[in-house]
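The values are calculated or read from the model by the stated rules, or taken from the named source; none is laboratory data. Only a predicted model underlies this, so the values are computations on that prediction, with no experimental measurement involved. Cβ atoms come from the backbone with ideal geometry, glycine included; neighbour counts cover every protein chain shown.
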Amino acid sequence: MFKSNLKSIALELSDVFDKIDQERVAEVVSYIHNAPRIFVAGAGRSGLMMKAFSMRLMHLGFDVHVVGGATTPNSRAEDLLILGTGSGETGSLITYANKAKRLGLNVITLTSFVDSTLGNLADTTLQIPAPTPKSDKTSDITSIQPMGALFEQSLLICLDGLIMELMAEKMKDANHMFQNHANLE
């Protein structure tokens, strides 16, 4: 049963990735590459995926911060806010996006639903078309997994894919990244 479940999950992930728009990926990579500073946010498990992404961005040498962290500095115009949200309707993230727009930041939303509040607030939106129970909208893709697991898994792997795109663009490899890895562990 366990191996069968893993194979089903892998097939679901493949279905999601087949529908991701490569042109939007290139646009997201460009925003990230050109941002003076990057701020990331998400809620719940999506928030954990965004924190993992911020760590990899730091490993690549980006000036990156998690919104709400104890050492997160103020933001400035031209900085970038990246949001991960299945529904695109998470209240706290809508508050962050509205404030970011008023301050002159660029906003990227990674979501299941581009026609959501956060999708509409963003300068660009990368759709990760996995279902989420936190929205009344439906996805073309179904999942045997509980709750928003497929979106959260897809988000993390998509974010890792963005890191690989940025590595190629910056001509950096894992050895370079490891130089920025924590050493007080």
Can you confirm whether the stretch 67-74 contains a residue that is outside any loop (DSSP other than H, G, I, E, B) and either small (Gly, Ala, Ser) or surrounded by 20 or more Cβ atoms within 10 Å (Cβ to Cβ) (or both)? no
Being modelled with pLDDT of 95 or more, closer than 26 Å to THR132 by Cα and crowded, with 17+ Cβ neighbours inside 10 Å narrows VAL40, VAL25, VAL64 down to just VAL40
With the first residue restricted to the stretch 99-127 and required to be in contact (Cβ under 8 Å) with a residue 40 or more places away in the chain, and the second required to be in a loop (DSSP other than H, G, I, E, B) and of a type in the set (Phe, Trp, Tyr), Cβ contacts under 8 Å at 6 or more apart or on different chains are GLN127/PHE113
Out of the stretch 1-38, which residues are part of a helix (DSSP H, G or I), farther than 13 Å from SER154 by Cβ and of a type in the set (Asp, Glu)? GLU23, GLU27
Looking only at the stretch 157-185, and only at residues there that are surrounded by 13 or more Cβ atoms within 10 Å (Cβ to Cβ) and outside any helix (DSSP H, G or I), the one that is modelled with the highest pLDDT: LYS172
Listed by first then second residue, the pairs whose first member lies in the stretch 44-55 and is under 15 Å from SER87 (Cβ atoms), whose partner is among the aromatic types (Phe, Trp, Tyr), with beta carbons under 9 Å and at least 6 positions apart or on separate chains, are ARG45/PHE151; SER46/PHE151
Residue check: is SER30 exposed (fewer than 14 other Cβ atoms within 10 Å of the Cβ), within 15 Å of the chain's Cα centre (by Cα) and within 18 Å of LEU81 (Cβ to Cβ)? yes
